[in-house]
1. Quick one: G221 ticks every box in (1) touching a residue at least 40 places away in the same chain (Cβ under 8 Å); (2) at positive phi except a single one, so which number is it?
2. If you go through the stretch 59-79, how many residues are buried (at least 17 other Cβ atoms within 10 Å of the Cβ) and not small (G, A, S)?
3. Filter the stretch 235-248 for residues that are assigned to a helix (DSSP H, G or I) and surrounded by 24 or more Cβ atoms within 10 Å (Cβ to Cβ) and give the result.
4. I'd like the residue in the stretch 180-234 that is surrounded by 21 or more Cβ atoms within 10 Å (Cβ to Cβ), small (G, A, S) and within 24 Å of P281 (Cβ to Cβ) and, out of all such residues, is modelled with the lowest pLDDT.
5. Could you list, in sequence order, the residues of the stretch 108-151 that are outside any loop (DSSP other than H, G, I, E, B), modelled with pLDDT of 90 or more and either surrounded by 13 or more Cβ atoms within 10 Å (Cβ to Cβ) or touching an Asp or Glu at 6+ places or on another chain (Cβ under 6 Å) (or both)?
6. Taking the condition of being of a type in the set (A, V, I, L, M, F, W, C) and surrounded by fewer than 18 Cβ atoms within 10 Å (Cβ to Cβ), how many residues in the stretch 249-262 meet it?
7. Is one or more of the residues making up the stretch 84-99 in a loop (DSSP other than H, G, I, E, B), surrounded by 17 or more Cβ atoms within 10 Å (Cβ to Cβ) and touching a Pro at 6+ places or on another chain (Cβ under 8 Å)?
Amino acid sequence: RLELVPIGHWSARFSEGARTTIFSESGAYTGTILPLKASGHTYNTGVDELPVGWPYVELRVDAYSKSVDDLRRLGIDVGDFVSIDPAPEFLDNGFIVSRHLDNKAGVAVMLAAIKALVESGIEPTVDVFWLFTIAEETGHGAQSILTPDIASLVAIDNGTTAPGQNSDEFGVTIAMADQTGPFDFHLTRKMVQLCRDNDIKFQKDVFRFYRSDAATAIEAGADVRTALITFGVDASHGYERIHMHALRSLAELATGYALSPVEIQRDAREFADLKGFTRQPTADADQTLNPDIDEPVPEPAGE
């Protein structure tokens, strides 16, 4: 049996029973991740009493292997990579259930948006680069790929739906902040306005234990505005579920942004003075409106 070392952040709770592929120097082998005590007929209640964690699971290889020497003869060695079968299901009601939807679903959204743009024949107002990172979960992300002429970075990722969150499996969830801090006020506001202008369902959320490609770019010193637009996913990094409505909505927002005019012209210059410097809205809000009836609140009666 093989001991497993996790890559990134994935609970062993969701690994138990997963089918796998082991990539060895001699080829690929299938296998199953099992708890150390996997048989109720043998261990009785000990199966349920076993703690949750990577030290308490092992990988059973579907090949003759009763010893370390047998594993070596198979070509299996320390450091071999193991992939987890996603076991996807596409339901008729639009739900998709699978492992690893974060961020395979984001890749699908981007490819769909690119396809729509190409088929439309409409040319974006500025160059748009579509980046597909493969190491975001291990902290690399977009830290080394951005060129100096890129002014804005919009990350596409999953939005966690859970108690205490405002995310949804429908529409676009626009992140206002994650554990690394808030996203750019003006770029995020533009995402919101594009949803309103194009009748795209959306909601806002804050992710407290979460970071994306935008964070790695900022930490690497990239001088870019950042935003994060997401599809709502239930049980993120577990056995996940999303809905086609969120994916379609996110693709619509991505294409809308790619074709939108550049509002902050000074971002085209590597160095700029105060002319055109962005400001937050400062006009006084109308504090006399009652949001329940959208009419002026009557003055209190006096004696």
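1. (1)
2. Residues flagged as buried (at least 17 other Cβ atoms within 10 Å of the Cβ) and not small (G, A, S) within the stretch 59-79 amount to 5.
3. If we filter the stretch 235-248 for residues that are assigned to a helix (DSSP H, G or I), which is where we start, we get 244-248.
Once the filter is applied, which keeps residues that are assigned to a helix (DSSP H, G or I) and surrounded by 24 or more Cβ atoms within 10 Å (Cβ to Cβ), the stretch 235-248 yields only A246.
4. So the residue we want is A214.
5. Keep residues of the stretch 108-151 that are outside any loop (DSSP other than H, G, I, E, B), which gives 108-120, 136-138.
Next, only the ones that are modelled with pLDDT of 90 or more stay: 108-120.
Hits for the stretch 108-151 are A108, V109, M110, L111, A112, A113, I114, A116, L117.
6. Restricting attention to the stretch 249-262, the residues satisfying the condition of being of a type in the set (A, V, I, L, M, F, W, C) are 250-251, 253-254, 258-259, 262.
When the remaining residues are screened for being surrounded by fewer than 18 Cβ atoms within 10 Å (Cβ to Cβ), the result is 259, 262.
Qualifying residue count for the region: 2.
7. At the first step, the residues of the stretch 84-99 found to be in a loop (DSSP other than H, G, I, E, B) are 85-88, 91-94, 99.
Imposing the further condition that a residue be surrounded by 17 or more Cβ atoms within 10 Å (Cβ to Cβ) reduces the set to 99.
With the extra rule that they be touching a Pro at 6+ places or on another chain (Cβ under 8 Å), the set shrinks to 99.
There is at least one residue in the stretch 84-99 that is in a loop (DSSP other than H, G, I, E, B), surrounded by 17 or more Cβ atoms within 10 Å (Cβ to Cβ) and touching a Pro at 6+ places or on another chain (Cβ under 8 Å).
Results for (1) outside any helix (DSSP H, G or I); (2) within 21 Å of G94 (Cβ to Cβ), shown as yes or no for each residue.
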| site | (1), (2) |
| --- | --- |
| L187 | no, no |
| M191 | no, no |
| I200 | yes, yes |
| Y210 | yes, no |
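The values are calculated or read from the model by the stated rules, or taken from the named source; none is laboratory data. None of the values given here were measured: they were computed from a predicted structure. We place every Cβ from the backbone using ideal geometry, glycine too, and count neighbours over all the protein chains shown.
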